[in-house]
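The structure under discussion appears below in the form of structure tokens.
The values are calculated or read from the model by the stated rules, or taken from the named source; none is laboratory data. Keep in mind that this is a model prediction, so the values were computed, not measured. Please note: Cβ atoms are built from the backbone with ideal geometry, for glycine as well, and neighbour counts cover all protein chains shown. All accessible areas refer to the heavy atoms of the entire protein, side chains included, with ligands and DNA or RNA removed. Shrake-Rupley method; radii C 1.70, N 1.55, O 1.52, S 1.80 Å.
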Amino acid sequence: TDTEITLGMSAAFSGTSRELGQQMKLGLSAAFERANEQGIHGRRLRLVALDDGYEGQKAAINAVELIEKYKVFAMIGEVGTATSQSAASISVERKTLFFGPFSGASSLRLVPPARYVFNYRASYEEETAYMIRYLVDSKKTPVSGIVVFAQRDSYGDAGFEGVSSALKKRGYKDSDVLRVGYDRNSLDVSSAVDEVLRYHNARGASGPAHPVKAVVMIATYKAAARFIRDVRAKKLDFLFLNVSFVGSNQLLEELSESGGGAGVGTIITQVVPHFESSIAGVVAYREALGKYHPDQQPGFLSLEGFIVGTLFVEGLKRVGRDLDTERLVGAL
């Protein structure tokens, strides 16, 4: 309208992954509140956020409601792969901008790119490629000693594709790596733990067939924490590597319930700078969080939300007062 720009967000605000949605929204809100102090060519930003419980079908319903009922100008900060895929297809169909989803799935990174989809974060393929490079090239870990623990859905598939791609470049096949998993929105990881233990303890003619050295994890924080705790309970000293979607602060909090040192041996790739960095943009994030949400602590997820929101605001500023979707696409 003449005075307002309404943006829509669908994310998990309930269920086992709720912290991901809550933190992404926190960062977006801080960025928008900061921008609203001066206004954007006479307009203020308003964020309408709906809960999809980390379910793709609900995300699609929310996307339709946000676009048709709330008349949002753009969708922003969607959380999750299956959810983002559902919402993005509806946004693109309706020529509504789909900006900064919290997902590294390749399905959101088409070549050539979809006109109305803009990603900020690195892809899961990039994150897992760095993990494999570290394990195989730097640590000299045998490929047979690497296991993938992945959610059984498009999120887990996207992460495994990255592992597979990185291994193929080194002359290996998918079958050279064991994949185990769990169902989305579930914390039942017992079968995955059992399968890894059987694989680890399998004997060959001259000793252990393929002792596990590292687990690449494409999971959410509660499931990842439970898997790590259950493996540790077996007195196994694996290295655990998680993609950034896991939620670093949230995973540490879950692991800390097990006592001191629970996070030792856990590595998380990141797609944003450290939230304690002295980089100007990160300083601005901490200042905004302290000003508008003084009860909240800085973290990687809300920093990503802040960066996504700040980039969107910059695009709006560059368009000027005469704003529409096509001009914003051009400016971005």
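Take the residues in the range 229-277 that are of a type in the set (A, V, I, L, M, F, W, C), closer than 18 Å to residue 193 by Cβ and assigned to a loop (DSSP other than H, G, I, E, B); name whichever of them is modelled with the lowest pLDDT. Can you show your working first?
Within the range 229-277, the subset of a type in the set (A, V, I, L, M, F, W, C) is 231, 233, 236, 238-241, 243, 245-246, 251-252, 255, 262, 264, 267-268, 271-272, 275.
Keeping just the survivors that are closer than 18 Å to residue 193 by Cβ gives 231, 233, 236, 238-241, 246, 251, 255, 262.
Checking the rest, the ones that are also assigned to a loop (DSSP other than H, G, I, E, B) come to 233, 236, 238, 262.
Details: 233: 90, 236: 89, 238: 93, 262: 71.
Here the answer is 262.
Considering only residues that are touching a residue at least 40 places away in the same chain (Cβ under 8 Å) and under 15 Å from the mean Cα position of the chain (by Cα), look in the range 14-25 and name the one that is surrounded by the fewest Cβ atoms within 10 Å (Cβ to Cβ).
The qualifying residue surrounded by the fewest Cβ atoms within 10 Å (Cβ to Cβ) is 16.
Go through the range 1-30 residue by residue and tally those that are hydroxyl-bearing (Ser, Thr, Tyr) and under 15 Å from residue 63 (Cβ atoms).
2
Which residue is surrounded by the fewest Cβ atoms within 10 Å (Cβ to Cβ), if the candidates are limited to the range 101-151 and must be of a type in the set (Asp, Glu) and under 23 Å from residue 79 (Cα atoms)?
126
Going through the range 118-151 one residue at a time, which ones are part of a helix (DSSP H, G or I) and within 24 Å of residue 221 (Cβ to Cβ)?
124, 125, 126, 127, 128, 129, 130, 131, 132, 134, 135
Among the listed residues 205, 158, which satisfies the condition of being without any contact (Cβ under 8 Å) to a residue 40 or more places away in the chain and not acidic (Asp, Glu)?
205
Checking the condition open to solvent by less than 50 Å² (accessible area, probe 1.4 Å) and small (Gly, Ala, Ser), which residue from 206, 175, 165 passes?
When all the criteria are applied, what remains is 165.
Give the range 249-301 a look and list any residue that's farther than 22 Å from residue 216 by Cα and of a type in the set (A, V, I, L, M), or say none.
Within the range 249-301, 279, 280, 282, 283, 284, 288, 289 qualify.
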